[in-house]
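Here is the structure we will look at.
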């Protein structure tokens, strides 16, 4: 299944369980037949602004990747959820900026293709100024760590004052990054977030392609990754609640259309769907049964 998908240029995987270390997340991904992967490099509930990655951890991760056959370019690190690079509060913004910079440092050491992050919320309702603050945090991170790892904005579900919901906002962030650094940044799209924000990606293949066209026209580039998630919430609900593919409000066909869109070729397509055994033992490399089920479904969708 995965061989056929890779032959069609589709690299698919999941945010696998990291119990026991990120090298164990790689082993679980490999045993699920994945050709892409997402991990956390640090605890996502903390800023991580002072946490470096130990050399032995880097070595274990890189060795596991080499054994797995998953290309480092198809690995995404998800930054901490608490980072709010849009906030007008100076102390919080500085910690978020520093956390994002440290995330890029760790991920570059690991040698992965990209870091993705949620841009945060404009708590003062000045959305234009927030775009500048997000871009400033990206710029700060890129200037402090050289390398090939890209820093990619993730679209949001649109709840409250969160930024990055629309093509214009994603483009507004990226266009404020200096031209010399622009090639090392970009964006990715989460299907649940699109749907929750009111984009009817389930309506038809044509409607879905038109939505992707909007993002591509606004930013001048294709997404650097996709998160493949069904949605527990209704269209336009602004609820970031992921569901297994086919068990939410989006439905299976939308993912078939997406995986046949040329924009999913060559970039990581990552499941962030629920897992059956999140409390797996640290030394158990067994793949999660629900991950295996979703990977089998993705293979069918690519082939069908």
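Here, each number is a calculation from the coordinates, and none is a lab measurement. All figures in this text were calculated on a predicted structure; none of them were measured in a lab. Glycine also receives a Cβ, built like all others from the backbone with ideal geometry; neighbour counts cover every protein chain displayed.
For residue 182 and residue 252, what is the calculated FRET efficiency with R₀ set at 45 Å and r taken between the beta-carbons, to the nearest 0.05? E between residue 182 and residue 252, to the nearest 0.05, is 0.80.
Using only the Cα atoms of the chain, build the gyration tensor, take square roots of its eigenvalues as a ≥ b ≥ c, and label the shape rounded, prolate or oblate: rounded if a/c is under 1.5, else prolate if a/b is larger than b/c, else oblate. Here the chain falls in the oblate category. Extension gain, residue 272-residue 124: 0.36 nm per intervening residue step, less the Cα-Cα distance, totals 50.2 nm. With the cut-off at 1.5 for a/c, could you classify region 169-221 from its C-alpha gyration tensor as rounded, prolate or oblate? It comes out prolate by the Cα gyration axes. Taking 0.36 nm per residue of separation and subtracting the Cα-Cα distance, full extension of the segment from residue 203 to residue 140 would add 18.7 nm. Stretching residue 148 away from residue 19 to a fully extended chain increases their span by 43.7 nm, per 0.36 nm per residue minus the current alpha-carbon distance.
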